[in-house]
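These notes are about the structure you will find just below.
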Amino acid sequence: LLPVPCSQDVSNGLRSPICCILGHVDSGKTKLLDCIRSTKVQEGEAGGITQQIGATFFPVQNIRKRTKELKADAKLNVPGLLVIDTPGHESFANLRSRGSGLCDIAILVVDIMHGLEPLTIESLSLLKMRGTEFIVALNKVDRLYGWKICPNAPILKAMKQQSKDVHIEFGNRLNQVIAQFKEQGLNTELYYKNKEMGETFSIVPTSAITGEGIPDLLLLLVQWAQKTMIEKLTYQNQVQGIILEVKVVEGYGTTIDVVLVNGVLREGDRIVVCGMKGPILTNIRAILTPHPMKELRVKGVFVHHKEIKAAQGIKIAAQGLKHAIAGTEMHVLGPDDDLEYVKEAAMEDMRYVMNRIGTSSVGVHVQASTLGSLEALLEFLKTPGVNVPVSNIGVGPVHERDVRKVSVMIERKKEYATVLAFDVVVKPKVQELAQKLGVKILRGDIIYHLVDQFKAITGCLNEEKKKADADDAIFPCRLKPVPKYVFNKKDPIVLGVEVVEGTVKVGTPICVAGKELTDVGRIASIENNKKPVDYAKEGQMVAIKIVGSNPGERQKMLGRHFEIEDELVSHISRRSIDILKANYRESMSSKDWCLVKKLKILFKIK
Ligand code: GDP
C-alpha cells in the first residue's frame with residue numbers, strides 16, 4: 001500500500017479548495033488544464049502533482065514555485081488545489097449538495113478572440129444557480145496579432161514585452177468582453193486592477209499554449225479561495241462525498257468515482273447511496289486511486305488504501321452499485337446512526353430536485369445522465385425566456401416504460417409528448433417504440449442545443465396547427481352594404497360594402513345583424529377597384545361575393561330574407577376566438593378585440 005502524498009496534509013486545519021473549469025466549446029478548457037498540470041511531467045519532474053480519480057492535486061509547494069515571480073508565497077495556507085479533470089458542465093453540475101455547489105471556486109474560460117459565447121452564458125447561469133465564486137481566464141492572448149511569447153510568465157511581465165499595437169488590440173477586446181459581462185449583469189475587471197473583489201469578478205489574461213498568465217491564475221485561485229472561504233475550507237471530520245461518475249471497471253464491477261470533500265473514509269465502511277430503485281446499502285470493498293508511477297488512465301492499475309482523507313478524488317468498489325446515481329451524496333453509516341434515517345437522507349437529493357421543479361400535469365419528460373445535469377437542465381427550462389413545462393423526470397437511460405408514459409401526452413398536448421434526453425443512452429428498441437407511439441426523443445449533451453431542438457419542433461407543430469386552424473380563424477368585421485352597388489341578390493350575392501370596423505377576409509362566414517340573425521354564407525371573393533384581394537380593412541369600400549355555406553342549400557336572398565339597410569357581420573364562434581388568441585394575437589389590434597367582444601354579446605358566446 002502506497003500513501004497518497006500531500007493532500008492529506010491538513011495540519012493547519014484547512015483542506016484543499018476544489019476547482020472546476022467551465023466555458024464554451026474550444027475556449028481552451030482542456031488545454032488550460034493540461035498547461036496547469038503538465039509542467040515538466042515529461043522530464044519526470046511533476047513537482048508533487050498527483051493524479052487522482054477524476055481530479056488532479058496541485059500541492060501548495062508546486063504552486064508556490066510556479067508563482068515565485070509574483071512574490072506572494074507567504075500567504076498560501078491551504079494544502080493545495082484539487083482541480084476536477086473533466087472540464088465543463090457535467091462535473092461542475094454534479095458537485096452539488098441540495099442545490100448548492102461543492103466546487104469551491106471555478107475558472108470560467110473565455111476565448112479572447114470570440115468573447116462571450118452561448119455556453120459561456122450557460123456556464124454563468126450554472127455558477128449563479130450554485131452560488132459559486134469564479135475567476136475569468138481570458139484565454140488565447142497569444143493569438144493577438146504580433147504577440148511576443150514569454151513562456152509561463154506572469155501576465156504583467158508578458159504585457160511589458162508587447163508592442164503598442166498588441167496593447168491596443170488587447171484593450172479593445174478586453175473592453176468588449178467586460179461590456180458583454182455587463183450585459184449579463186456582472187461587473188468584471190482585470191484582476192490586478194480589481195479593487196472590489198467579491199463585487200467585481202476578476203479577469204486573468206492567459207495562454208494555455210505558451211503559459212502566460214498561468215502563474216497569476218493559480219495564485220489568484222488559491223488566494224481568493226483561502227481569503228473568502230475559510231469556513232468552507234476548514235476540514236471537517238464528518239464525511240462528505242459526492243458521486244461524480246458510476247462506472248464499470250474490469251475486475252471491480254460497478255464502481256463509483258467520488259470526490260471526498262471532507263472526512264476520512266475506510267475500507268469496510270458501510271455506505272448508503274441514492275439509487276434509481278431506492279437507497280443502496282453496501283460495504284466499501286476497496287478505496288482506489290491511480291498508481292502514481294503510471295501515466296493517467298492506464299486500465300486496472302490502482303493503488304488500494306485502507307483509509308483516505310479529504311480532499312481527494314477516489315474510486316470506490318462495492319457490491320450493488322449498478323443503479324447508483326451520479327450527482328448525489330454518499331453517506332457513511334456510523335455505529336450510532338439509524339439506518340432508516342440515513343437511507344432517507346440518501347434519497348433526499350432526488351426528492352429535493354423533484355420538489356423544486358414543481359412538475360405540471362402537462363409537460364415534457366426530462367431524462368439526464370446524472371442528478372446534477374438533470375437539475376441544471378430543469379433550472380434552464382424554468383428560466384423566463386425558455387419556460388418549458390415538465391411533467392416527469394428521470395436519471396439514466398430512457399426505458400420503454402418511460403416512452404409509454406410519455407405517449408399519454410399526445411392526447412393532451414402533442415408537442416409535449418417529448419423526451420428531452422440529456423447525455424443519456426437511448427436503445428434502438430426504445431427509439432422504435434417511440435416512433436410507433438408518436439413520441440419524440442430529442443437527444444443532446446449541450447443544454448441550449450437540446451432546448452433549441454425542442455423549440456424548433458414546437459415551432460414546427462405550431463405552423464402545422466396554424467395551417468389546420470387557418471380555415472377556422474374568423475376575423476371580426478362589420479360591413480355596411482351600399483344600396484347603389486347591388487350586383488346580384490342571390491346565388492351568389494354580389495354587392496358593394498363599406499368596411500365599418502375590423503377586417504373582412506375571403507372565407508369569412510357572414511351573418512345579417514338585422515331584426516334577426518340570418519346566416520347568408522361565406523365570402524368567396526373580394527374586389528377592390530376591380531382587383532381581387534384577400535382582405536379589406538376598416539374604411540375601405542369593396543365588392544364582395546357571398547356564396548352559400550353548404551353546397552346544395554338555397555341561399556338567403558337580399559330583399560327577401562334581409563334588407564340592404566341591414567348590417568353584415570362576421571359570424572364568430574368560441575373556437576374562432578380561441579384560434580385568434582392562439583395564432584393571430586400579433587395581427588389583431590385592440591380595436592379588433594373590442595369588436596370581438598361586441599360580436600360575442602351579439603352571438604351570445606360565453
Ligand atoms: P475546450 O473545448 O474548451 O476544452 O478547448 P481545447 O482545450 O480543446 O482547445 C481548443 C483549441 O484551441 C485547440 O486547438 C487548442 O490547441 C486551442 N487553444 C487552447 N488554448 C489556446 C491558447 O491559449 N492559445 C492558442 N493559440 N490556442 C489555444
Quiz prompt | Pairs, first in a loop (DSSP other than H, G, I, E, B) in the stretch 583-605, second loosely packed, with under 13 Cβ neighbours inside 10 Å, C-beta under 8 Å, six or more apart | solution = ILE605/ARG574
Quiz item: All but one of (1) away from the ligand (no atom under 16 Å from the Cβ); (2) among the charged types (D, E, K, R); (3) at pLDDT below 90 hold for ARG37; which doesn't?
Solution: (1)
Exercise. Output the number of the condition that GLY385 fails; it satisfies all remaining conditions of (1) within 21 Å of ASP452 (Cα to Cα); (2) surrounded by 15 or more Cβ atoms within 10 Å (Cβ to Cβ).
Key: (2)
Quiz item: Has the stretch 185-206 got at least one residue that is within 15 Å of the ligand (Cβ to nearest atom), surrounded by fewer than 19 Cβ atoms within 10 Å (Cβ to Cβ) and closer than 27 Å to PRO118 by Cβ?
Solution: no
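With LYS597, LYS556 as the choices, which residue is at pLDDT below 90 and either surrounded by 15 or more Cβ atoms within 10 Å (Cβ to Cβ) or not polar (S, T, N, Q) (or both)? Give the derivation first.
Details: LYS597 fails: at pLDDT below 90.
None of the others qualify; the one that does is LYS556.
Residues in the stretch 467-478: is at least one at pLDDT below 90, over 34 Å from the mean Cα position of the chain (by Cα) and over 22 Å from GLU411 (Cα atoms)? Before you say what the answer is, go through the steps one by one.
Just the residues of the stretch 467-478 that are at pLDDT below 90, to begin with: 467-473.
In the following step, the residues that additionally are over 34 Å from the mean Cα position of the chain (by Cα) were identified as 470-473.
Then keep just the ones that are over 22 Å from GLU411 (Cα atoms); that gives 471, 473.
The answer is yes; a qualifying residue exists.
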Quiz item: Which of the residues belonging to the stretch 260-270 are part of a strand (DSSP E or B), crowded, with 18+ Cβ neighbours inside 10 Å and over 32 Å from the mean Cα position of the chain (by Cα)?
Solution: LEU265
Quiz item: Counting only residues that are in contact with a Ser or Thr (Cβ under 6 Å, 6 or more places away or on another chain) and of a type in the set (S, T, N, Q), how many does the stretch 316-359 have?
Solution: 2
Quiz item: Looking at the stretch 86-118, which of its residues are modelled with pLDDT of 90 or more, surrounded by 20 or more Cβ atoms within 10 Å (Cβ to Cβ) and either touching a helix residue (DSSP H, G or I) at 6+ places or on another chain (Cβ under 8 Å) or within 27 Å of ILE325 (Cβ to Cβ) (or both)?
Solution: CYS103, ASP104, ILE105, ALA106, ILE107, LEU108, VAL109, VAL110, ILE112, LEU116
Self-check item: Single match in ARG356, ARG351 (criterion: among the charged types (D, E, K, R), in a helix (DSSP H, G or I) and over 17 Å from the mean Cα position of the chain (by Cα))
Solution: ARG351
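Yes/no per residue for (1) within 25 Å of GLU348 (Cβ to Cβ); (2) in a loop (DSSP other than H, G, I, E, B); (3) at pLDDT 95 or above:
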residue: LYS232; (1), (2), (3): yes, no, no
residue: ASN237; (1), (2), (3): yes, yes, no
residue: VAL246; (1), (2), (3): yes, no, no
residue: VAL258; (1), (2), (3): yes, no, yes
residue: LYS277; (1), (2), (3): yes, yes, no
residue: THR282; (1), (2), (3): yes, no, yes
residue: ARG297; (1), (2), (3): no, yes, no
residue: ILE316; (1), (2), (3): yes, no, yes
residue: GLN319; (1), (2), (3): yes, yes, yes
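The values are calculated or read from the model by the stated rules, or taken from the named source; none is laboratory data. Since the model is a prediction, treat every value here as computed from it, not as a measurement. A quick note on method: Cβ atoms are made from the backbone with ideal geometry, for glycine too, and the neighbour counts reach across all protein chains shown.
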